[in-house]
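First comes the structure, then the notes that go with it.
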Amino acid sequence: MWRAIPIVLLVAAACAQPRVVEPSPPPSAAPSDTSAFPAGPVLFEPEQLIMPPEEFLLAEAPVMHDGPLAHPHAWERQFATLGSPDFRWFAVRLYVLEPDVRSTRFVEQNGCGTVTWAEEKPAPFQLAPPETGDGASACRYEFADGQRVLYLTTGFRNVGLLVGAQPRRDEMTDAMALQWLSAVARQQIAIIGRVLTKYPPTN
């Protein structure tokens, strides 16, 4: 996890205080009509479904990590949001579960405390999630230096999603950050639906 580097600014007493830029509101696009997607479980590999870099919701967000997870049929793509005054990074983890396993079970089994860091054990706090996917839960992880990371757990059919981000500043509140995570998750679900529509199952 990134750590802030202290910077000392020497400002003349007569200078006016810099204006605080308002945090960027999350995209307001409506959720996809998932009922229009072809029926049946998702049978693709996660790397075929994970959000393409060019479709991420923020500009200047190069991929800083991209690869499979230890869990079978799981992939993580992390974006460094270099041009954002509000976020340091976003991470999207996608788990293709067994065809008969609903994502609601994934949400139930992956509560606060399931995301871990090797160098520190942050304090987890459960938050009220925005309505997302087939169900959702949300957590805030607070570190000893005051920094925080938020994760939203959700899913669609037999696909589990874990979307996380680290806010840069206090003006990006937990509630607004969760709305951003929900928007990213909804974008990911729309991508899954597009793949299902383009390559429908054949009997």
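Every number in this text was worked out from the coordinates using simple rules, so none of it is lab data. Worth saying up front: this structure is predicted, and the values here are computed from it rather than measured. When we count neighbours, we look across all protein chains shown, and the Cβ atoms used for this are built from the backbone with ideal geometry, even at glycine.
With θ set to phi - 60°, apply the Karplus curve 6.51 cos²θ - 1.76 cosθ + 1.60 along the range 32-39 and write out the HN-Hα couplings as whole Hz, x wherever there is a Gly or Pro.
After applying 6.51 cos²θ - 1.76 cosθ + 1.60, I find 5, 7, 5, 5, 7, 6, x, 6 Hz.
Could you give the nm distance between label points at residue 195 and residue 174, where each point is 7 Å from its Cα heading toward the beta carbon?
Modelled inter-label distance: 3.2 nm.
Are there GluC sites (Glu not before Pro) in the range 125-200 that DSSP puts in a loop and that have at most 14 other Cβ atoms within 10 Å, and which ones?
Filter output for the range 125-200: 131, 171.
With springs only between Cα atoms under 10 Å, which of 96, 163, 21 fluctuates most in a Gaussian network model of the chain?
Highest fluctuation of the listed residues: 21.
So how do 37-47, 152-162, 60-70, 188-198 stack up, highest first, on mean other-Cβ count within 10 Å?
Result, highest mean Cβ count within 10 Å first: 152-162, 188-198, 37-47, 60-70.
Calculated FRET efficiency, residue 116 and residue 22, Cβ-Cβ r, R0 35 Å, to nearest 0.05?
Computed FRET efficiency for residue 116 and residue 22 comes out at 0.55.
What distance in nm separates the simple spin-label points at residue 202 and residue 142, each placed 7 Å from Cα in the Cβ direction?
5.5 nm
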